[in-house]
Amino acid sequence: MSDTLNKLAAIIAERRTADPQSSYVAQLSHRGLNKILEKVGEEAVETILAARDVEQGAAKDKLIHETADLWFHTLVMLAQLGLNPAQVLAELERRFGVSGLDEKASRGNATEAAK
């Protein structure tokens with residue numbers, strides 16, 4: 001799985017500086033972070049709606065399609081900010097063996113400490 005993410009991240013990195021007339025990634029990158037964030041938000045909503053439809057008996061292929069779109073646009077967002085999927089995967093790896101409740105509580109404590 002990480003091979004696919006790494007390949008896609010490399011393609012995104014390459015296309016960010018391409019001619020915006022020839023590359024969707026270049027168009028997004030050229031339009032800036034706010035446009036990319038709009039797309040991430042749009043794809044997140046579409047993924048949520050597709051998941052709800054699956055729960056109601058709809059075919060799962062639309063949810064898979066929308067999730068792929070969400071992941072793609074998230075990778076574009078990361079690239080725009082100089083980040084990559086390996087960093088996200090490393091964070092997920094770090095969380096192995098840590099209770100989800102404990103991990104969430106630690107973030108809450110860090111947020112409270114920052115106030």
Expressed as a rounded percentage, what relative contact order does the chain have, with Cα pairs under 8 Å and six or more residues apart?
26 percent
Give me the dipole magnitude in Debye, nearest 20, for the chain about the Cα centre, with unit charges on the beta carbon: positive for Lys and Arg, negative for Asp and Glu.
280 debye
So the carbon and sulfur contribution to the accessible area of the chain, 1.4 Å probe, in percent, is 57 percent
Quick check for the chain: number of Lys pairs with alpha-carbon distance under 28 Å, counting only pairs 8 or more apart or on different chains?
9
Would you report the distance distribution of C-alpha pairs in the chain as whole percents per 10 angstrom bin, up to the bin with the largest distance?
13, 30, 35, 19, 3
Note: Ser99 to Gln21 extended length (0.36 nm per residue) minus current alpha-carbon separation gives 23.4 nm
Distance between Cα centroids, the range 7-26 to the range 69-86: provide it in whole Å.
12 Å
Can you work out the FRET efficiency for the pair Arg52 and Arg107, with r the C-beta to C-beta distance and R0 = 35 Å, to the nearest 0.05?
0.85
Average accessible surface area per residue within the chain, 1.4 Å rolling probe, Å²
71 Å²
Given a Förster distance of 30 Å, report the FRET efficiency between Glu91 and Glu42 from their Cβ-Cβ distance, rounded to the nearest 0.05.
0.75
Net charge near Ser23: determine it from the other residues with C-beta under 11 Å of the C-beta of Ser23, scoring Lys and Arg +1 and Asp and Glu -1.
0
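The values are calculated or read from the model by the stated rules, or taken from the named source; none is laboratory data. This structure is a prediction, so every number in the text was calculated from the model and none was measured. Cβ sites come from the backbone with ideal geometry, for glycine too, and all protein chains shown count toward neighbours. Each accessible area value is taken on the protein alone, full model and side chains, heavy atoms only, with ligands, DNA and RNA left out. Shrake-Rupley method; radii C 1.70, N 1.55, O 1.52, S 1.80 Å.
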